[in-house]
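Here is the structure we will look at.
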Amino acid sequence: MGIIILLVLTAAEIFFMVWNLKTKRNHAAEKSVADIAEAVIFAVLSFTGILMWGFRYYTIAAFLTVFAISGMITLIRRKEKKYKKCSTISKTVWKIVIFCLAVFPAVLFPQYKLIEPTGESNVAEKTYVFTDTSRKEEFSDQDINRNITVEVYYPEDLAGKCPLVVFSHGAFGFYGSNESTFTELASNGYIVASINHPYHALFDTEAYGRLVTFDQEIVQKSREFENQDMSDEEFKLSHRWLKLRVDDMNFVIDTLKNEASEGTDDILSMIDTTKTGVFGHSLGGAASAQIGRERADIDAVIVVDGTIIGDELEYKDNKIICSTQPYPVYILDIFGENHYNEAQQYADMYPNLVLSEYSDKVRNIVFRGAGHLNMTDLSMFSPMLAKFLGTGDVNSRECLTSMNGVIREFFDWRLKDAAEPDFKEEY
C-alpha cells in the first residue's frame, strides 16, 4: 500500500509540473484543490479501514495535512505567484523527496492481515516488570538489580487453570517477535509469558522506565563471528550470553509460579503450575533447551531454529565436544531449511543433531524454503527487513501458520494430554 500511495502522489506532482511547464503558469488554485483532495482521500481510506491506521502512516498523514492547509490558505488568498521554470521543477523535486521519506515507514512495514488464531477464546495481554533482587544489572554502570519485562498473553474469557508456556526471543529480537504464535496458543487455553531480555532485545521501554537497546558488544561480536569457523572466544562468549538468558528464564518461571500460588493477580492465578512448557527462537531456543535440562518442572521444550548451545560442552582441538546425555523431556526441534542444511555439514559436532542420536524424545522438523526470520512475525511485519536479515523463498504467512499449528499440537500433546500428533519430517 505504501508503494501505491507514493506512486499516486508522485504522479500528481509530475502531472502539475508538466502542465505548468507547458502552459507557463503555476495553476496554484488547481494544485491547492488537488492537495486538499489528497488529504481528504487519505483520511477516508483510513476511516474506512482500507488503510490500517498506525505508526506507518503518521508521517505521510502529517505532510498531507500541512499541504492541505497550505492549499486552503492559497485558495482563500486567491493570489498566484509569478511563474518560474526553475522554481516549478525544484518544488516538484522536493515534494517528491518528502513523499519518499514520509512513505518509507509504510514501505518498510507494510500493512498485513493478522493470522487468525484457531482457538475459541479471545486473547488479551498484560505487561509485567519483575525485579530480580538476586542479580545486578551487568550492562549498567549504576548499582541496580536486573529488571525483566514480561508480556503475558491469556484467554480472557476462559475460567479455570491453564498450562504455562514461557518464550525467549532471539538476539536483537523482542517479546513480540512471535505474537501470532502467542495468540494461537492463548486462544486455545494457554498462558503465554514472553520475556524481553534487556540489552539482548532490540529495545525495551518498560524495564527501566526508559528506552534500552541491545548491547553493542553483541552486535560487534556477532559480525566478527559471522562467516568464520568456531573459535574459543566465540564458544565462551556464546555460553556467557546463554547463561544470562537461562538466569532470566529461571527467574521469570519462578516468579510466575509464585504469583500463581499466592493468587493475588487475577491473570497469573489462572496458571496451572503443574504444566509448564518453554520455547524460543534462535538464542532463545538454546536457552529453552538448557532450561529443559536443568529444571524438573518443565514438561515440554521447543527450539525454533536455534543451536542448542548448552549441549556444547567443550571446544578442544578446533572441535566442539557435545553432550551425549539423553534429553530428560520431549523436545521439538524446528529447523528452517537454511539452518538444517548448514547443520548437516557439521553433523558429528552439531549439538542438535548429536542430541537426536542419543535421545528418543527428540522430534525434528524442517520447514523447506524457510530462512531464520521466516520463523518469526518479522517476515510479515517487515518483509524487506526480514529479507535483509535472512529469509528463504517460502511463503511467510503459510510458513508461520503451519509452524504455529505444529507448536500448538506439540504443547497440546505434552501439556494437555492430547494424542501424539503425526508430525511430518518436512513441511
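For the range 77-208, taking Cα atoms only, Rg and Dmax work out to 23.7, 75 Å respectively.
Along the axis of the charge dipole computed for the chain (Cβ charges of +1 for Lys and Arg, -1 for Asp and Glu, origin at the Cα centre), the listed residues Tyr350, Ala419, Phe42 are led at the positive end by Phe42. Within the accessible area of the chain, the carbon and sulfur atoms contribute 56%, probe 1.4 Å, all protein chains present. Straight-line cross-link partners of Lys221 among the aspartates and glutamates, defined as a Cα under 16 Å from its Cα and at least 8 positions apart when in the same chain: Asp229, Asp232, Glu233, Glu234.
To the nearest 500 deg cm²/dmol, what mean residue ellipticity at 222 nm is calculated for the chain from DSSP H runs of n ≥ 4 alone, each contributing -39,500 (n - 2.57), summed and divided by the residues? Walk me through the numbers on the way to the answer.
On the way: 13 runs with 196 residues, N = 427.
Mean residue ellipticity, 222 nm, calculated: -15000 deg cm²/dmol.
Over all pairs of different C-alpha atoms, the range 33-154 has a mean inverse distance whose reciprocal, the Kirkwood radius, equals 19.5 Å. Quick check: the angle from helix 28-47's long axis to the longest principal axis of the chain, C-alpha only, nearest 10 degrees? Here the helix axis deviates by roughly 30 degrees.
FRET efficiency for Gln345 and Glu420, Cβ-Cβ distance as r, R0 = 35 Å, nearest 0.05? Before the final figure, lay out the partial values.
Numbers: r = 31 Å, r/R0 = 0.89.
Computed FRET efficiency for Gln345 and Glu420: 0.65.
For the peptides 197-208, 378-389, 232-243, the ranking by packing is 197-208, 378-389, 232-243, with the highest mean count of neighbouring Cβ atoms within 10 Å listed first. Contact order, relative form, for the range 33-119: 41 percent (alpha carbon pairs under 8 Å, 6 or more residues apart, mean separation divided by residue count). Each residue of the range 358-364 was assigned a 3J(HN,Hα) from its phi angle through the Karplus curve 6.51 cos²θ - 1.76 cosθ + 1.60 (θ = phi - 60°); the sequence is 10, 9, 8, 9, 9, 10, 9 Hz, with glycine and proline shown as x. Close amide H partners of Val366, meaning residues 5 or more places away or on another chain with modelled amide H under 5 Å apart, are Phe335, Glu426, Tyr427.
Across the range 69-135 the C-alpha pair distances fall into 5 Å bins from zero in the proportions 3, 9, 8, 11, 11, 9, 8, 8, 7, 7, 7, 6, 4, 2, 0 percent. Over the chain, one equal point on each Cα, no solvent: what is log10 I(q)/I(0) by the Debye formula at q = 0.07, 0.10 Å⁻¹? Summing over Cα pairs of the chain leads to -0.44, -0.77.
Taking amide H positions as modeled 1.01 Å from N, with prolines and chain starts lacking one, the residues under 5 Å from Ile308 and 5 or more places away or on another chain are Asn352. Annotation: peptides 24-32, 145-153, ranked by per-residue average of other Cβ atoms within 10 Å with the highest first, follow the order 145-153, 24-32. Extending 7 Å from Cα along the Cβ direction at Trp53 and again at Thr264 yields two label points whose distance is 3.9 nm. Summing Lys, Arg as +1 and Asp, Glu as -1, what charge do residues with Cβ under 11 Å from the Cβ of Tyr112 carry, Tyr112 excluded? The answer is +2. Counting DSSP beta bridges with both partners in the chain, what percentage is antiparallel, nearest 5? Bridges in the chain are about 45 percent antiparallel. Mean projected area of the Cα convex hull of the range 281-344, taken over all directions, amounts to 4.6 nm².
How many percent of Cα pairs in the range 280-402 exceed 26 Å? That tail contains 23 percent of the Cα-Cα pairs. In this rough spin-label picture, where each label sits 7 Å from Cα along the Cβ direction, the Gln220-Val18 distance is 5.4 nm. Over 18 Å between C-alpha atoms is what I'm after, so list which of Lys31/Lys84; Lys24/Lys81; Lys275/Lys424 land there. Violating the 18 Å limit, Cα to Cα: Lys275/Lys424.
Along the range 108-121 the Karplus relation, 6.51 cos²θ - 1.76 cosθ + 1.60 evaluated at θ = phi - 60°, assigns HN-Hα couplings of 6, 10, x, 5, 8, 7, 5, 6, 6, x, 8, x, 8, 7 Hz to successive residues, with x for each Gly and Pro.
The modelled label-to-label distance for the pair Val44/Asn395, using points 7 Å beyond Cα in the direction of Cβ, is 3.3 nm.
Applying the Karplus relation 6.51 cos²θ - 1.76 cosθ + 1.60 with θ = phi - 60° to the range 50-63 yields 3J(HN,Hα) values of 5, 9, 7, 4, x, 4, 5, 10, 4, 5, 5, 5, 5, 5 Hz, where x marks Gly and Pro.
Tell me the net charge near Tyr128. Cut-off is 11 Å between Cβ atoms, Tyr128 excluded, with +1 for each Lys or Arg and -1 for each Asp or Glu. So the environment of Tyr128 carries a net charge of -4.
How many percent of Cα pairs in the range 137-271 exceed 21 Å?
On the way: 4401 of 9045 pairs.
Everything past 21 Å amounts to 49 percent.
Size descriptors for the range 134-207: radius of gyration and Dmax over Cα atoms are 14.3, 45 Å. With the convex hull of the Cα atoms taken as the outline of the range 357-425, the averaged projected area works out to 5.6 nm².
Compared with the direct C-alpha span, the chain from Ala296 to Lys82 gains 68.9 nm at full extension, assuming 0.36 nm per residue. Rounded to the nearest 20 debye, the dipole size of the chain about its Cα centre is 3620 debye, using +1 on the Cβ of Lys and Arg and -1 on the Cβ of Asp and Glu.
Leaving out ligands and nucleic acids, note down the accessible area per residue over the range 11-121 with a 1.4 angstrom probe, in whole Å².
Numbers: 7250 Å² over 111 residues.
In whole numbers, the range 11-121 has 65 Å² accessible per residue.
Dividing the radius of gyration of the alpha carbons in the range 311-356 by their Kirkwood radius gives 0.98 for Rg/Rh.
Sorted from longest to shortest, the spans of the Cα atoms of the range 213-320 along the three principal axes equal 51, 30, 19 Å. For the chain, the relative contact order is 12 percent, taking Cα pairs closer than 8 Å that sit 6 or more residues apart in sequence and dividing their mean separation by the residue count. Which residues does the label zone of Ile73 cover in the range 4-27, counting backbone N under 20 Å from a point 7 Å along Cα→Cβ? Those under the cut-off are 26-27.
The values are calculated or read from the model by the stated rules, or taken from the named source; none is laboratory data. Only a predicted model underlies this, so the values are computations on that prediction, with no experimental measurement involved. FYI the Cβ positions are ideal-geometry reconstructions off the backbone, even for glycines, and counts take in every protein chain you see. Surface areas here come from the heavy atoms of the whole protein model, side chains and all, with no ligands, DNA or RNA. Shrake-Rupley method; radii C 1.70, N 1.55, O 1.52, S 1.80 Å.
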